[in-house]
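These notes concern the structure reproduced below.
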Amino acid sequence: MKQVIKINAAAVFIIACLLMVSCNDATKTQPVAENKKDTIACKPESSKLDTVTIAAVTGMKGTVKNGEYKITVPQNDLHIVVDGFKIIPPMGLGTWIAFTPCGDSVMMMGDIILSENDVAPVQQEVIRQGLSITAIHNHFVRNRPNVMYMHIDGFGNAATLAANAKAILDKVSQVRGADPKAARGDSVVNTLNISLLDSLMAHKGEMNKGVYKFTIGRPDVMLREHGVPISTFMGFNTWAAWQGTPERAAVAGDFAMLMDEVQPVIKTLIENGIEVVAVHNHMVHEEPKIFFLHYWGVGPAEKLAKGLKAALDKTGKGMGH
């Protein structure tokens with residue numbers, strides 16, 4: 001009887017070991033499921049954008065850069081003031097829709113500026129056109145009237161996407177009762193020391209109707225949305241728009257940040273007297289994840305520029321990326 005018990009115990013031990021090995025092997029060989037449903041394969045050899053068709057369908061002449069195309073609609077009909085400063089299109093009041101080639105197709109992204117009365121009907125139109133809404137947010141606080149910014153994206157052929165874009169822009173005009181760009185554009189006062197700003201920011205900007213604007217890319221990050229590369233031209237950038245005098249300047253802008261940069265940038269801006277007014281996404285299926293931060297600052301231009309540069313140093317190479 002003892003011999004039988006010993007044999008049974010040995011058999012149980014061997015079976016247990018075999019089960020453990022089997023489980024371990026199953027764990028090792030079990031493939032990790034990756035969700036690739038939102039990744040679009042682009043064939044570079046066939047990637048060429050039909051800008052003639054886009055311009056013809058939208059009825060708007062755009063800007064071409066590195067094979068991409070962007071149309072802009074200055075919101076001249078929106079008379080917005082923040083803390084006594086007039087907000088004109090170069091200060092971040094311009095709707096834009098951009099197109100980038102992907103094989104024989106096109107990806108479209110845009111940022112549509114909406115008054116409070118525009119939001120619901122334009123949302124409905126975006127969905128009716130089969131496009132995606134990827135963000136809705138503010139750029140300012142204490143602004144009168146209030147405006148919101150709605151990011152959209154879509155994928156298809158150039159003619160269809162151009163028609164989608166036109167329908168959305170037409171809806172904005174319909175709701176407001178006029179084409180936003182038809183109104184006369186304003187300008188603002190700017191007596192800032194531009195060479196000093198360039199030196200402090202370590203970048204060069206561009207002047208437009210009294211607004212001096214820096215646009216700073218993120219070449220350290222290879223960003224893709226749905227697997228499609230997203231460039232500075234397509235909205236992946238940090239920017240700063242200035243107006244005013246050396247003694248009392250206003251600066252508005254946006255930081256494009258990796259997740260580990262978000263808190264250092266927020267902390268640095270606030271410590272330097274620059275107000276953080278929004279933190280959000282612009283995209284949904286991007287890799288890596290990118291966060292966008294909108295800010296507003298009023299005060300001596302030199303102090304604001306030093307604060308912005310300190311925050312800028314918390315991104316990119318400044319963070320060791």
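The values are calculated or read from the model by the stated rules, or taken from the named source; none is laboratory data. Everything numeric in this text was worked out from a predicted model, so none of it was measured. Glycine also receives a Cβ, built like all others from the backbone with ideal geometry; neighbour counts cover every protein chain displayed.
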Yes or no: Arg176 loosely packed, with under 15 Cβ neighbours inside 10 Å and either among the β-branched types (Val, Ile, Thr) or touching a residue at least 24 places away in the same chain (Cβ under 8 Å) (or both)?
-> no
Region 179-195, subset in a helix (DSSP H, G or I) and in contact (Cβ under 8 Å) with a residue 40 or more places away in the chain, residue surrounded by the fewest Cβ atoms within 10 Å (Cβ to Cβ) = Ala182
Somewhere in region 133-149, is a residue buried (at least 21 other Cβ atoms within 10 Å of the Cβ), closer than 28 Å to Gly227 by Cα and touching a residue at least 40 places away in the same chain (Cβ under 8 Å)?
-> yes
Answer residue from region 268-321, given it is free of Cβ contacts under 8 Å to residues at least 24 places away in the same chain and part of a strand (DSSP E or B) and is nearest to Asp83 (Cα to Cα) among those = Val276
Qualifying position, being within 28 Å of Met257 (Cα to Cα) and in a helix (DSSP H, G or I), among Asp198, Asp170, Asp220, Asp153 = Asp198
Restricting the search to region 287-321, which residues are at pLDDT 95 or above, surrounded by fewer than 20 Cβ atoms within 10 Å (Cβ to Cβ) and within 20 Å of Arg224 (Cα to Cα)?
-> Glu287, Pro288, Lys289, Phe291
Only strands (runs of 3 or more DSSP E) wholly contained in region 61-146 count here; list those with 2 or more residues that are within 18 Å of the chain's Cα centre (by Cα).
-> 68-74, 94-102, 105-115, 132-137
